[in-house]
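Note sheet for the following structure.
The values are calculated or read from the model by the stated rules, or taken from the named source; none is laboratory data. Here the structure is a predicted model, which means the values were calculated and not measured. Methodologically, a virtual Cβ is constructed for each residue, glycine included, from the backbone with ideal geometry; neighbour enumeration extends over all protein chains shown. Only protein heavy atoms, including side chains, enter the accessible area calculation; ligands, DNA and RNA are left aside. Shrake-Rupley method; radii C 1.70, N 1.55, O 1.52, S 1.80 Å.
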Amino acid sequence: CAPVLCGARRFHVAAALNAKAKVAMSRFEPNSSINYDKLRSNIDIVRKRLNRPLTLSEKIVYGHLDDPAGQEIVRGRTYLRLRPDRVAMQDATAQMAMLQFISSGLPKVAVPSTIHCDHLIEAQTGGAQDLQRAKEINQEVYNFLASAGAKYGVGFWKPGSGIIHQIILENYAYPGVMLIGTDSHTPNGGGLGCICIGVGGADAVDVMAGIPWELKCPNVIGVKLTGTLSGWTSPKDVILKVAGILTVKGGTGAIVEYHGPGVDSISCTGENLLKQYLDWVNFLKGCLRMATICNMGAEIGATTSVFPYNHRMRTYLEKTGREEIAAQANENQDLLVPDSGCHYDQIIEINLSELKPHINGPFTPDLAHPVSDIGSVAEKNGWPLDVKVGLIGSCTNSSYEDMGRAASLAKQALDKGLKCKAQFTVTPGSEQIRATIERDGYAKMLRDVGGVVLANACGPCIGQWDRRDVKKGEKNTIVTSFNRNFTARNDANPATHAFVTSPEIVTALAIAGTLKFNPETDFLTAPNGEKFKLLPPTGDELPARDFDPGQDTYQQPPADGSGLRVDVNPQSNRLQLLEPFDRWNGKDLEDLQVLIKVKGKCTTDHISAAGPWLKFRGHLDNISNNLLIGAVNTENDAVNKIRNYLTGEFGGVPDVARYYKKHNVSWVVVGDENYGEGSSREHAALEPRHLGGRAIIVKSFARIHETNLKKQGLLPLTFSNPADYDKICPDDKISIVGLKSFAPGKPLKAVIKHSDGSSETIELNHTFNETQSEWFQAGSALNRMKELQK
């Protein structure tokens with residue numbers, strides 16, 4: 001671990017700081033102040049109790065404990081009750097979150113909260129046209145979110161503002177803050193020294209309601225970085241390498257904390273010591289590039305990722321108009337780096353001097369390959385070599401520097417008379433980034449080389465892409481600077497082989513048009529026959545002339561919105577007020593029909609697809625028509641084709657589930673490893689509950705999805721013996737017994753009843769604590785919240 005600043009001086013600094021005027025958390029919230037004093041007080045209490053050095057992750061997490069003096073703290077075991085500083089919601093998940101908040105009956109949010117319109121804009125022809133079309137198509141939803149935000153005190157970022165995570169970096173993130181967001185890539189903020197965690201909408205409602213938020217005390221994985229980046233290697237390659245090491249579930253239940261070489265041997269000597277500590281992070285090329293690494297930490301299942309405070313963060317805060325916050329962070333820098341001698345549960349070492357450019361995929365973000373090998377690997381596996389489309393941007397790589405480095409390659413190609421052989425799209429991360437790259441000429445270079453600049457939104461990264469150059473089912477390759485590449489995620493085509501890599505490698509491959517091109521060694525041919533190599537990309541970390549803010553796209557909520565109305569048309573097919581789920585009847589769950597036994601990977605994209613289904617995110621009954629339509633059925637290796645055991649006929653998963661519900665047949669889903677990985681979308685939990693599901697039994701869960709299931713009154717259970725998965729047949733009925741004595745740490749039993757009349761009993765584990773057990777008994781966390789208000 002890096003050294004902590006020690007000695008009496010820091011207390012004098014803190015005392016002096018206390019006398020200064022309070023600093024607002026953002027320019028939009030002058031009445032909400034940063035409270036490093038409370039963070040320091042909580043950390044001191046916990047450090048004294050635990051009597052050991054703390055990691056940076058622990059400092060920020062434990063610094064937000066509701067009861068630092070009494071909270072039981074055991075990594076990987078106990079549940080922490082936390083007080084996050086703020087909430088952020090993207091428009092697709094904000095619909096259900098705000099509908100749940102409305103159902104709570106509370107008058108106003110208890111913490112600063114924002115809504116960001118970035119998910120509902122489909123990429124089709126170009127930024128301006130696509131944005132205008134989205135405003136027209138989604139007018140009802142945007143009006144609902146804007147009016148709900150105004151009534152309940154939530155800031156509203158209009159469509160065209162940019163991607164939620166970039167907006168957070170530019171306006172709301174600061175070192176030491178704890179933020180929860182209803183998007184799985186909320187950890188992006190770790191690049192600015194924050195603990196930012198992706199959650200479902202029900203978790204966001206807890207925080208907005210002023211209720212302590214629960215999180216299982218995370219383990220801490222340390223990633224020790226040595227050496228320096230150079231040439232074509234970028235920070236994206238760090239997380240691509242880590243994903244290859246840890247796989248898509250290796251970070252589950254842990255925070256990934258990046259730290260540097262030799263810090264255990266450095267003694268504690270004050271400010272000069274901090275300067276030595278900060279020097280090693282210089283190679284990371286700024287907090288935005290560190291944000292890239294943290295963003296994609298979601299792909300290894302990590303709770304979040306974080307970097308220690310450094311002068312790059314201070315500069316970025318100053319460049320984005322937050323000088324006062326930078327000054328406070330600087331005064332409290334000892335809180336924002338790990339203690340000397342702290343302990344990590346696992347350590348991964350990466351020598352950046354030896355790290356090579358990577359490209360991961362297809363179909364999973366943890367299948368890592370050096371770029372130098374991908375051509376031969378693709379040939380061996382029969383993957384298409386021609387690159388059809390290169391796509392840069394998304395919340396992972398859409399910073400000013402990302403765009404600048406891509407533009408530097410575009411200029412080299414243009415200077416030789418070359419344009420992209422593949423189609424090429426560019427997604428700016430925010431209106432500020434769009435306006436600044438337009439002003440500084442980057443956007444023109446990217447257009448001239450063949451690029452189309454899309455709207456400031458998520459676009460193809462989340463499947464919002466009206467792709468027309470290939471037919472569905474046509475085998476093809478795309479390369480992106482995105483974070484996920486699950487089957488059919490980007491374009492709804494299961495035959496698309498999607499690879500994720502850095503923006504600079506995407507640009508080079510789009511120019512070359514083939515996976516066989518290695519920009520470190522291979523030559524391109526200019527129209528005049530000249531052979532030339534692309535020089536390594538370059539780009540300024542921050543603009544020399546400061547950022548151009550572009551258009552003002554923020555709606556400030558009024559001081560008092562109590563007199564405002566939020567109307568939902570009962571005839572709407574986009575929005576639907578929620579009805580409470582039924583309470584548990586106090587009995588064991590008898591004879592649950594197996595709806596589907598899922599084979600292999602089952603992400604939240606498989607459970608509740610995005611793309612064209614995003615328009616129904618505010619209407620639970622309509623979006624439930626996509627329940628598990630992407631999951632593979634073990635009975636026939638087909639998707640969205642399961643047997644209805646009441647009729648004997650095959651049908652779509654949602655259709656069979658609805659039939660069972662109509663005939664009062666409760667059901668269960670059986671799944672494989674890391675069930676529910678990927679997005680934070682709670683619809684993947686709401687839909688099975690809405691259609692009559694009672695339990696999900698799998699080998700293991702992804703963190704967010706498991707919590708979402710609990711929140712909606714379902715039982716997420718795991719096989720005590722993973723081999724018991726093989727004992728269950730698609731036509732079985734399962735009884736879950738022992739619920740009358742349901743308690744933390746006490747396994748349940750499942751009686752499997754086979755169609756031949758035989759039965760067998762297996763043990764099922766769960767991770768419910770006492771509070772979560774009350775959610776199950778009440779029928780949902782929201783039901784329990786209402787009970788407590790009476």
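Structural descriptor for the chain: relative contact order 14 percent, calculated from alpha carbon pairs under 8 angstrom and at least 6 residues apart. At q = 0.16, 0.25, 0.27 Å⁻¹ the log10 of I(q)/I(0) for the range 56-134 amounts to -0.82, -1.11, -1.17, computed by Debye summation with a single uniform scatterer per C-alpha, solvent ignored. For the range 56-351, which whole percent of the accessible surface, found with a 1.4 angstrom probe, sits on carbon and sulfur atoms? Summing carbon and sulfur atoms, their accessible area is 46 percent of the total for the range 56-351. Annotation: amide H of residue 123 within the under-5 Å range of 465, 466, sequence separation 5 or more or interchain, hydrogens built in the peptide plane. Normalised Debye scattering of the range 358-533 at q = 0.20 Å⁻¹ gives log10 I(q)/I(0) of -1.37, counting only Cα atoms as equal scatterers and leaving out solvent. A straight line joining the Cα centroids of the range 234-262 and the range 533-591 runs 28 Å. Amide H contacts of residue 749 (H built 1.01 Å from N, in plane; Pro and chain starts excluded): 737, 764 sit under 5 Å, all sequence-distant by 5 or more or on other chains.
The share of C-alpha pairs in the range 291-374 whose separation exceeds 17 Å stands at 67 percent. Using θ = phi - 60° in the Karplus curve 6.51 cos²θ - 1.76 cosθ + 1.60, the 3J(HN,Hα) couplings for the range 702-710 round to 7, 4, 5, 5, 4, 5, 4, 4, 4 Hz; x is entered for Gly and Pro.
Each Cα pair under 8 Å and six or more residues apart adds its sequence gap; the mean of these over the residue count of the range 589-789 is a relative contact order of 21 percent. Ignoring the sites themselves, the chain has its longest run without GluC sites (Glu not before Pro) in a DSSP loop having at most 13 other Cβ atoms within 10 Å at 73-353. The tail of the calculated P(r) for the range 605-686 beyond 14 Å holds 64 percent of all Cα-Cα pairs. Both the radius of gyration and Dmax for the range 589-789 are 15.8, 49 Å, in that order, over alpha-carbon atoms. Excluding ligands, DNA and RNA, the accessible surface per residue across the chain is 35 Å² with a 1.4 Å probe.
How large is the convex hull of the C-alpha atoms of the chain per residue, in Å³?
Per-residue hull volume (Cα only) is 155 Å³.
For residue 679, the residues whose amide H sits under 5 Å from its own are 604, 605, ignoring neighbours fewer than 5 places away on the same chain, with H placed 1.01 Å from N.
P(r) for the range 723-790, from all Cα pairs and a bin width of 10 Å, is 19, 37, 28, 14, 3 %, short bins first.
Per residue of the range 418-430, what does 6.51 cos²θ - 1.76 cosθ + 1.60 with θ = phi - 60° give for ³J(HN,Hα)? Whole Hz please, x for Gly and Pro, Karplus curve as stated. So the J values, rounded to whole Hz, are 9, 10, 5, 6, 8, 5, 9, 10, 10, 10, x, x, 7.
Ranking 211, 255 by solvent-accessible area of protein heavy atoms (1.4 Å probe, all protein chains present), from largest to smallest, gives 211, 255. Say the cut-off is 32 Å between C-alpha atoms; which of 471/641; 216/472; 710/790; 151/710; 151/249 go over it? Pairs exceeding the cut-off: 216/472; 151/249.
Each 10 Å bin from zero holds the following percent of Cα-Cα pairs in the range 381-420: 23, 39, 31, 6.
Applied to the range 395-407, the Karplus parametrisation 6.51 cos²θ - 1.76 cosθ + 1.60 on θ = phi - 60° returns per-residue 3J(HN,Hα) values of 5, 7, 9, 9, 7, 4, 5, 4, 5, x, 5, 5, 5 Hz, with x for Gly and Pro. Based on the alpha carbons, how large is the Rg to Rh ratio for the range 24-169 when Rh follows Kirkwood? With Rg and the Kirkwood Rh in hand, the quotient comes to 1.08. For the range 56-351, the direction-averaged projected area of the alpha-carbon convex hull comes to 16.6 nm².
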